[in-house]
Structures are given as structure tokens and as C-alpha cells.
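Novice: Before I ask anything, here is the structure I am working with.
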Amino acid sequence: MEGATKPLCQSPGCSIQVSRIMRPDDANIAGNVHGGTILKMIEEAGVIISTRHCNRQNEERCVAVLARVERTDFLSPMSIGDVAHVSAEITYTSKHSVEVQVNVMAENILKGAKRLTNRATLWYVALSLENVDKVVEVPSIQYTSPEQQEEGKKRYEAQKLDRLETKQRSEDIILPVISVDRQSKEPYTVGYSQSSLIHLVGPSDCALHKFVQGGVTMKLMDEVAGIVAARHCKTNIVTASVDAINFHQKIQKGSVITVSGRMTFTSNKSMEIEVFVDIDHVMESPKGKTPAATAFFTYVSLDKEGKALPIPMLKTETEDEKRRFEEGRNRYLHTKAKRMAQVQKGHCLPIHE
Ligand code: COA
């Protein structure tokens, strides 16, 4: 597998590579490949490999659904005309979940140059096709060494702990903002850039069953975060990273989803946007709305040479906004310290500050 060191799994069919050329309809307004398109490609590779694996030994036909994506950094932009090579490998299995690690390389086929643009870790859970509310056991993979299995177990335990810690936050909701009189709002406030997008889940959003593919939701989330970021700074913006996302609910075809984003924090050269996805079960009234996912996206603004521009500071007005700003600052300082440590260890990750 390109971009990876050694394969971690010895079972057959544990890795795949999918390649495709990036087209103009994959572009964001700045002309680079949309961050959401990359997230969608990553998830497609993940769902193929995990669904295939889960059906390898199971009598009961099942489909793997995206339960979680670990924090993902966008290491360098991808251009239209580049060939994206998405490599996915199953690296750990618990009783009911599959860890997939994905690398994305961008190849300039005119110059023959390749670079790593993304690394992501996704967790899938297998659901029975007969009864989609039933979680199915996952066949174990064959590890190349006991140490690799041990490392995988540590990652699994760590994400379980993180899920418990972030459960509280996911119960917070924001009301969708469909029509805002922005002229009455002060620029750089949370209310000024807060935005929502409403989407009717159609057949093209679903692949293996009648529920939305995780990558489709991530793309919509990235789109809303991008609108909030652009409204705030009014310059060219790009996705720098996405914090871990947990997908709590399946989203059925025919549902209406509201994806809402609000700015929580700005550093000198980055912005953090919190995104919420709510499901409105229109066919099943009076069920009302249920939260499906939340995440923090970090955006930076780039000039024509690709250099990060200063970001206008977010003006917080309410006590809640001030609290969220402080929480955002803590996350920012924490991930920045982690990145610095990785850079010192020789792993090259971008610094957006
Ligand atoms: N991240 C990683 N693993 C998760 C998870 C998450 N957010 N939520 C549950 N799991 C794992 C558990 O660890 C468990 O595995 P284990 O027994 O090996 O530890 C397994 O899933 C089943 O857990 P359980 O508590 O029985 O299931 P649940 O009722 O929490 O349901 C999902 C889990 C993922 C099936 C459910 O949350 C769901 O349907 N989510 C939406 C999936 C989807 O449609 N994704 C695309 C959305 S756009």
C-alpha cells in the first residue's frame, strides 16, 4: 500500500487502493479539491473494505456503517487534474467494530510527482441487512505480530474513552439559522456567520442500503463549516483539519437533515467551527428531530501564494459564546502542542498559526 510502511493485517482482502482523476466539479471556489470530496472518497474506500471483510465469514449478510472518524489533518491541497490514490487497510477489529486506516496521495501525472495529502482512521460497525438495528459480530483479522494487535487494542480503548468524554457535548444543539438579517448583525460575531443547510436525503446519498453514506454527511458538514468560515473572514478558505466525529444515528432516505455551523474560536490564523447534524423524520411525525453527529472543523484562509492570512478575531457576546471560545482555545493549544511534538519526532504535519 502506498504511503504506508508495512501491512498490519495478513488476512486476504485487508487492503485496497482506489484511484480517480480530480475533475472541475470536485473543486471548491478557490479551484482546489473540496475538503468534503476528499472526506467522501476516504469514507467510500473504508466502507468497501469493511463491508467486504464483515461478509467474509458471516452467514448473516451485513453492511458496515461509519461510526467514527478520528481527527483528520489536511496536509496539503489537491489540485484539479491530480490523480487521487486512496489506500485503505483494516488495522484492527474488536468484537463489533473495524478500524480502517486510509492514506490519500495526490499524483501530478504530468510531472510524475506524488505527495501525501491526508491520513485518516475510521471505525465501522456491521449491521445486519435483515434487521438494520442489529449489530453483527466482526470476524477478527490476522495480525502480523502480537505488538500490532496490542497497539490496535490501545487505539480502540482510547477512542472508547474519548467517546464517553464527548457524549455530554453531543447532547448540545443549535437551532438552525435559515434566514438571518446579517445587516442587523455586527460582523465577526457568532450570529453574523452562523449558517445552516437543509438537505432532503435522496437515493443518490445512499449506496448499500436505505441509509445515508457517512461520507455524504461529512461533505455536507464541511460545506456548512466552509460557509461559516467564508462569511467570517470573506477571503479564500480551506479545511485544515476535522476533529473526531461520532455518528450516533442512521439517517434514512426521505429524512430531512439540517446541518448547522457556528464559529467557536479564532486564533491568529485559524478558525474553529462547530457543526451539528439533526435529522427531521418527516415521514415519521411526531418523532421530531434527533441529533445525528457533531464535529469541530478548523479552517485557514490562504492568499494567492498559499500563505496563511490573519483571521479577524471572533467577537463573543454571550456567556456561552465566551465559554465556547475558551474551550476552543484549549483544544487549539492542545492540538498545536501535539503537532509540535510530532514535528520534533520527524513526522511532518502542517502548522496553521
Ligand atoms: N465509534 C466507534 N465505535 C463505536 C461507536 C462509535 N461512535 N459507537 C459504537 N461503536 C462500537 C462499539 O464499541 C461496539 O463494538 P465492541 O462491542 O467491539 O466494543 C459496537 O459499535 C456496537 O456498540 P453498541 O453500543 O451495541 O451499538 P450502538 O447501539 O451504540 O450502535 C451504531 C452503534 C454505530 C450502529 C449506531 O450508533 C449507528 O447506527 N450510528 C449511525 C451509523 C451511520 O449510519 N453512519 C453514517 C451516518 S451519516
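The values are calculated or read from the model by the stated rules, or taken from the named source; none is laboratory data. What you are looking at is a predicted structure, and each value in this text was computed from that prediction instead of being measured. With ideal geometry, Cβ positions are generated from the backbone for all residues, glycine too; neighbour counts draw on all protein chains shown. To get the accessible areas, we keep the full protein, side chains included, count just its heavy atoms, and leave off ligands, DNA and RNA. Shrake-Rupley method; radii C 1.70, N 1.55, O 1.52, S 1.80 Å.
Novice: Nothing charged except the Cβ atoms of Lys and Arg (+1) and of Asp and Glu (-1): what's the magnitude of the dipole of the chain about its Cα centre? Round to the nearest 20 debye.
Specialist: For the chain, the charge dipole is close to 520 debye.
Novice: Quick one: ranking T144, T217 by accessible area, 1.4 Å probe, largest first, what do you get?
Specialist: T144, T217
Novice: If all Cα-Cα distances of segment 283-328 are sorted into 10 Å bins from 0 onward, what percent lands in each bin, rounded to whole numbers?
Specialist: That works out to 17, 28, 28, 19, 8, 0, in percent per bin.
Novice: Once you have the Cα-Cα distance between R331 and L116, take 0.36 nm times their residue separation minus that, and quote the gain in nm to one decimal.
Specialist: Going from the current span to full extension adds 74.9 nm.
Novice: What FRET efficiency comes out for K210 versus S19 if R0 is 35 angstrom and r is the Cβ-Cβ distance? Round to the nearest 0.05.
Specialist: My answer for the efficiency is 0.75.
Novice: I'd like the accessible area for H53, computed on protein heavy atoms only with a 1.4 Å probe and all protein chains in place. Round to 10 Å², please.
Specialist: Counting only protein heavy atoms, the figure is 10 Å².
Novice: What is the projected area of the convex hull of the Cα atoms of segment 51-161, averaged over all directions, in nm²?
Specialist: 8.8 nm²
Novice: Distance in nm between label sites at I80 and K304, each 7 Å beyond Cα in the beta-carbon direction?
Specialist: The answer from the label model is 1.8 nm.
Novice: Which of G226, G152, G261 moves the most in a Gaussian network model of the chain with Cα springs under 10 Å?
Specialist: Ranking G226, G152, G261 by mean-square fluctuation puts G152 first.
Novice: Considering only protein heavy atoms, what is the solvent-accessible area of Y156 at a probe of 1.4 Å, reported in Å² to the nearest 10?
Specialist: 40 Å²
Novice: A further question follows. Leaving ligands, DNA and RNA out of it, report the carbon-plus-sulfur percent of the accessible area of segment 221-266 at a 1.4 Å probe.
Specialist: 49 percent
Novice: Hey, another quick one. Provide Rg and Dmax in Å for segment 195-267, with only Cα atoms included in the calculation.
Specialist: 13.7, 42
Novice: Kirkwood hydrodynamic radius, segment 226-289, all distinct C-alpha pairs: what's the number in Å?
Specialist: Radius from the Kirkwood sum: 13.9 Å.
Novice: Anything over 18 Å Cα to Cα? Flag those among K219/K336; K40/K269; K111/K304; K95/K160, in the order listed.
Specialist: K219/K336; K40/K269; K111/K304
Novice: Give the residue from I251, F276, T298 lying farthest towards the positive end of the charge dipole for segment 250-320; charges sit on Cβ (+1 for Lys and Arg, -1 for Asp and Glu) and the dipole is referred to the Cα centre.
Specialist: Toward the positive end, the furthest listed residue is I251.
Novice: Over the chain, with the other protein chains present, what is the accessible area per residue in square angstrom, probe 1.4 angstrom?
Specialist: 49 Å²
Novice: Percent of Cα-Cα pairs more than 27 Å apart in the chain, please.
Specialist: Here the long-distance tail beyond 27 Å is 47 percent of all Cα pairs in the chain.
Novice: Pick from S195, S140, S241: which residue has the top mean-square fluctuation in a GNM of the chain where Cα pairs under 10 Å get a spring?
Specialist: S140
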